[in-house]
Amino acid sequence: MGNSVCFRKIRKIGVTILFLVLFFVFYSCFSYRSVKYFPIEINYQKKWGQGMAIHGQYVFLLTNTGLCRIYDMRKGGFAGSLVLASAHAKNHANNACFGVEYSKDNNKFPALYVSECEAPYRCYVENITEYESRLIQIIQFRIGNKPQAVHDWIVDRETNHIYAITQLYPFNKERNGFATQIVKFGLPSIDTQEVILSDVDIEDSFEVFFPHILQGGVIHNHALYLPSGASADSQVQYGKEKAIVIIDLKEKGIKRIIDVQDILNNEPEGAAFWGKFLMVSCAPKGLYQFFLKDE
C-alpha cells in the first residue's frame, strides 16, 4: 500500500515536470511572435523590392533604382506611387527610414533617409509626400578622401543619431558569420545640403558576427532589428538562411537571433515598426507583421 502511494506520487511529480518542460518548449518557440501575412506586391515595374519605411498608417515600399509605392495600412490599398528624387541606376535603395525633422513645406512626413548601398555609399535625405519627393541632403562617410562602404544608413529617432551598418566579406568560418560593423554618428540637421562624416565624427563603433546576409533594418527602443538572409534560389554559398537579428545598441552585442526560415516565404528586404509591430517586407511579395512580446 505504501509503495503504491509512493509510486503514484512519483508518477504525479514526473507528469508535472514533463508538463512544465513541454510548456517551456512551447513558450520558447511561440511566445516571442505572432505573425500576420499581407499579400502585398513588393516588386514594382520589374524592379526588385528593397527598403521600407513606415510613418503613421503609410508604408513606403522602395525598389532597386529608386521607385516608391505607398500602401495605406488602414484602408488596405495603395495610396500613391512616385519616383524618388534620388533615383538612378546604381541607387540600390537598400534601406529606408524616417528621421525626426520636417521640411518647412511638409508637416505630414519627416525627412526620409534612403541608403544607396553601392559605391559611393551615400545616404539620400528626401522631403517626401504621397506624390513626389525632393532631395534635400546627401550624407557620406569618408576617411581621408576615400568613401567608406555603408550598406544601411539607419536613424535612431529616439536619440537623434544615425548609424552606418556595413557587412564585411568573406564569411568568417572561425566566427561562424560575417563581420558586421556598426558606426554611430550624431544626426546632422537637414538644413545642411551636403554632409561629409569622417572618423572624427564617430561617437561609437563596434562589430558583431552573424551568419546571415544583411538586408535592411530599423532601430527601436535602443535595439537594431535586421531582417537577414536570401531567397532559396540564391547562388550565395553562405548566409541565405532567413532570420531577424536583434542587436542591443547599449550593450554592443547580439541580443538574439530569431529563425524565420519557415515563416518568410520570400527574400526579406525591409523592416519598420508600425506601432508595437515589427513589419518585414519580402520580395517579390509579402509583408509580414510580427508581434514580439518581450520587446
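The values are calculated or read from the model by the stated rules, or taken from the named source; none is laboratory data. These numbers were taken from a predicted model, which means no experiment stands behind them. Cβ coordinates were reconstructed from backbone atoms using ideal geometry, including for glycine residues, and neighbour counts include every protein chain displayed. Please note that ligands, DNA and RNA were not included when accessible areas were found on the heavy atoms of the full protein model with its side chains. Shrake-Rupley method; radii C 1.70, N 1.55, O 1.52, S 1.80 Å.
For segment 52-166, the relative contact order comes to 19 percent (Cα pairs under 8 Å, sequence separation of at least 6). Assuming R0 = 22 Å, can you tell me the calculated FRET efficiency for the pair Lys285 and Ser34, based on Cβ-Cβ distance, to the nearest 0.05? Efficiency for this residue pair is about 0.55.
Contact order, relative form, for the chain: 17 percent (alpha carbon pairs under 8 Å, 6 or more residues apart, mean separation divided by residue count).
Of all aspartates and glutamates in the structure, those lying under 14 Å Cα to Cα from Lys276, and not within fewer than 8 positions of it along the same chain, are Asp294, Glu295.
With N counted as the residues of segment 164-295, its alpha-carbon radius of gyration over 2.2 N^0.38 Å works out to 1.11.
Longer than 21 Å from Cα to Cα, which of Lys46/Lys285; Lys146/Lys250; Lys184/Lys255 are they? Say none if no pair is. Among Lys46/Lys285; Lys146/Lys250; Lys184/Lys255, the Cα-Cα distance tops 21 Å for Lys146/Lys250. In this structure, Ser81 and Glu174 have a Cβ-Cβ separation that, at R0 = 35 Å, corresponds to a calculated FRET efficiency of about 0.15.
Label-to-label distance, Lys250 versus Gln237, with points set 7 angstrom from Cα along the beta-carbon direction: 4.1 nm. The residues of the chain have, on average, 50 Å² of accessible surface per residue, using a 1.4 Å probe with all protein chains present. One Cα centroid belongs to segment 91-154, the other to segment 219-295; the line between them spans 21 Å.
Each of the peptides 54-61, 123-130 was scored by the mean count of other Cβ atoms within 10 Å over its residues; in descending order, highest first, they stand as 123-130, 54-61. Set against the labelled values [x] 21.8, 88; [y] 18.1, 58; [z] 24.8, 105, Rg and Dmax of the Cα atoms in Å computed from this structure falls on [x]. Once segment 82-171 is represented by equal point scatterers at the alpha-carbon sites, with solvent omitted, what log10 I(q)/I(0) does the Debye formula produce at q = 0.11 Å⁻¹? Each listed q corresponds, in turn, to -0.31. Atom-type composition of the exposed protein surface of the chain places 53 percent of the accessible area on carbon and sulfur (1.4 angstrom probe). The length gained by stretching the chain between Ile143 and Lys276 to full extension, at 0.36 nm per residue less their Cα-Cα distance, is 44.1 nm.
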